[in-house]
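A short reminder: the numbers here are calculations on the coordinates, not readings from a lab. This one's a predicted model, so the numbers in the text were calculated from it and none came from an experiment. With ideal geometry, Cβ positions are generated from the backbone for all residues, glycine too; neighbour counts draw on all protein chains shown.
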Amino acid sequence: MRILFVTSECYPLVKTGGLADVSAALPPALARAGADVRLLLPGYPAVLKGLSGLAPVGDPIPDLPGMAGAAPRMLLGLMPDGTPAYALDAPTLFGRPGNPYMGPDGRDWPDNAQRFAALAWAAAAFTAPAGLDPWWRPDVLHAHDWQAGLVPAYLRLRPDRFGSEQRPGTVLTIHNIAYQGQFPPWTMGDIHLPSSAYAMDGVEYYGGVGYLKAGCYYADRLTTVSPTYSQEIQTDEQGAGLEGLLSVRAGRLSGILNGVDYGVWDPARDPLLPAPYSAEDMGGKAVCKTALQEAFGLERAAARPLAAVVSRLTWHKGLDLVLEAAGAWVAGGGQLAVLGTGEPWMEQGFRQLAAWHPGSVGVRIGYDEGLSHRLQAGADLLLVPSRSEPCGLTQLYALKYGTLPLVRRTGGLADTVIDATPAAVNDGAATGFSFGAATVREISFCLRRALALYRRPDRWQAIARHAMTRDFGWEAPAREYLELYRAAQADAA
Ligand code: ADP
């Protein structure tokens, strides 16, 4: 099966968020499972520089939105890991360094509507009767986020341009519903859609053109990055305006968890740690803890439970709850080590907390890959009290490192951490701790439960070992996506 993976970012070439990691990891996993997958990326400078062996394929594209007169080419090359990738070589749209969506002034590029309509149009052109690449025609187009939201709309609304005997199936994945690609109504004049599509049963969204909405309306299948998140986005609280449409399409919507790259995140062979360890031999973890206590200026005490935070410091990550609950945690004997950057008030709050509790709370404001690994390894507990979390990665790393995640039950956190209730502990199923409401009372109670369990080292160790054996690699998700592609293809037939 041939899959065109349409994405606006891909690690290590361009990254602003989790989409880049998924775009880097899922295509190779699909290829290992037998699919023929190619990426389609905008031709940003970093993409044209980072792809090797770039050469033009097919004819220039004469009618790309936003490109009056010019006819850009499609190039084909290889990602550093060997995954084939097309790049849309349209310098007037994408030849801008830096952040892919914003100018140096921090504002969205004023022509984002045209830029990402062009990306989607180019994706659709692969399916035209003449075919953009005469040697390769996709069976399924997998579009990601609002930037590729128009892909399914073009296939459905422009059969005159893209119609062929067998329309490919379309899948849209929503990585974070907060970003929707909402543009003014006059965008319709630029994006080559019939004016009749400007309707509630179409691309119209709250008085403008919604790219994510368009994808949600026209794609054969919809996915999000965890089963719980796929339910949550059908509610008023977390649907961000799309809940109505998503509820109507619930039968076509599913959640598939993101995976972890265990080539990078495995305490047995992580070169960034002071000592390796595994579920069979946990000795190195104690060495990692002592080193971490030293690095954060904490008392070197093996018996004190050490909680870590590795996160963007924002309200939606729920870390204000940690600020408020920290006093009681420290009073109960706990320590806290925080690595993050984000909103200034929260950074200041954590600095203040460290000043109040010398030896018990240590804070590093900044982004530090190596330190994030050492925190995962050296801590006993990882706190992820997010108010919303489509999938979340840090809790998955923590499980692998035998560091028990303490999470709020939302999105992917709810799907990946099994709370240490007495029953789950007795069954040997528990892998961490979770709480329901985003309140200080609930997180504090949960922290107290963790503290109590920590005083039973045999039980704690058993849970940690069990957590380390959980498999959240990409193989299972890749199989689920393949199944979904087959379903999308059947829908389109
Ligand atoms: P989100 O994408 O919402 O920020 P995720 O849990 O999905 O949350 O992914 C966050 C990623 O960023 C993880 O890989 C985490 O280790 C990393 N990260 C976050 N903050 C930092 C930091 N200050 N230093 C190093 N890595 C960080």
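Side notes on the structure shown:
- Within region 410-425, the set of residues being touching a residue at least 24 places away in the same chain (Cβ under 8 Å) and away from the ligand (no atom under 15 Å from the Cβ) comprises Ala420, Val425.
- Of all residues making up region 440-493, the number that are in contact (Cβ under 8 Å) with a residue 12 or more places away in the chain and farther than 20 Å from Gly392 by Cβ: 24
- Ala31 among the small types (Gly, Ala, Ser), within 21 Å of Asp139 (Cα to Cα) and away from the ligand (no atom under 16 Å from the Cβ): yes
- Among the residues listed as Thr410, Thr421, Thr403, the single one being under 21 Å from Ser372 (Cα atoms) and surrounded by 14 or more Cβ atoms within 10 Å (Cβ to Cβ): Thr403
- Considering region 291-394, the qualifying helices (runs of 4 or more DSSP H), each wholly inside and each with 1 or more residues that are polar (S, T, N, Q) and more than 11 Å from the ligand (Cβ to nearest atom), run over 344-356.
- Yes/no for Gly428 being loosely packed, with under 15 Cβ neighbours inside 10 Å and touching a residue at least 24 places away in the same chain (Cβ under 8 Å): yes
- Qualifying positions in region 71-87 - surrounded by 17 or more Cβ atoms within 10 Å (Cβ to Cβ) and of a type in the set (A, V, I, L, M): Met74, Leu75, Leu76, Met79, Ala85, Ala87
Results for (1) touching a Pro at 6+ places or on another chain (Cβ under 9 Å); (2) farther than 26 Å from Ala467 by Cα; (3) of a type in the set (A, V, I, L, M, F, W, C), shown as yes or no for each residue.
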residue: Asp281; (1), (2), (3): no, no, no
residue: Ala301; (1), (2), (3): no, no, yes
residue: Val338; (1), (2), (3): no, no, yes
residue: Gly342; (1), (2), (3): no, yes, no
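- Looking across region 89-131, just one residue is of a type in the set (S, T, N, Q), surrounded by fewer than 21 Cβ atoms within 10 Å (Cβ to Cβ) and assigned to a loop (DSSP other than H, G, I, E, B), and that is Asn99.
- Being under 14 Å from Leu321 (Cα atoms) and more than 11 Å from the ligand (Cβ to nearest atom) holds for only one residue in Arg441, Arg449, Arg456, and it is Arg441.
- Selection over region 358-400 of residues that are under 21 Å from Ala450 (Cα atoms), free of Cβ contacts under 8 Å to residues at least 60 places away in the same chain and surrounded by fewer than 18 Cβ atoms within 10 Å (Cβ to Cβ) gives a count of 0.
- From Ile418, Ile463, Ile443, residue being over 26 Å from Asp281 (Cα atoms) and of a type in the set (Val, Ile, Thr): Ile443
- Check on Val407, among the β-branched types (Val, Ile, Thr) and either assigned to a loop (DSSP other than H, G, I, E, B) or within 16 Å of the ligand (Cβ to nearest atom) (or both): yes
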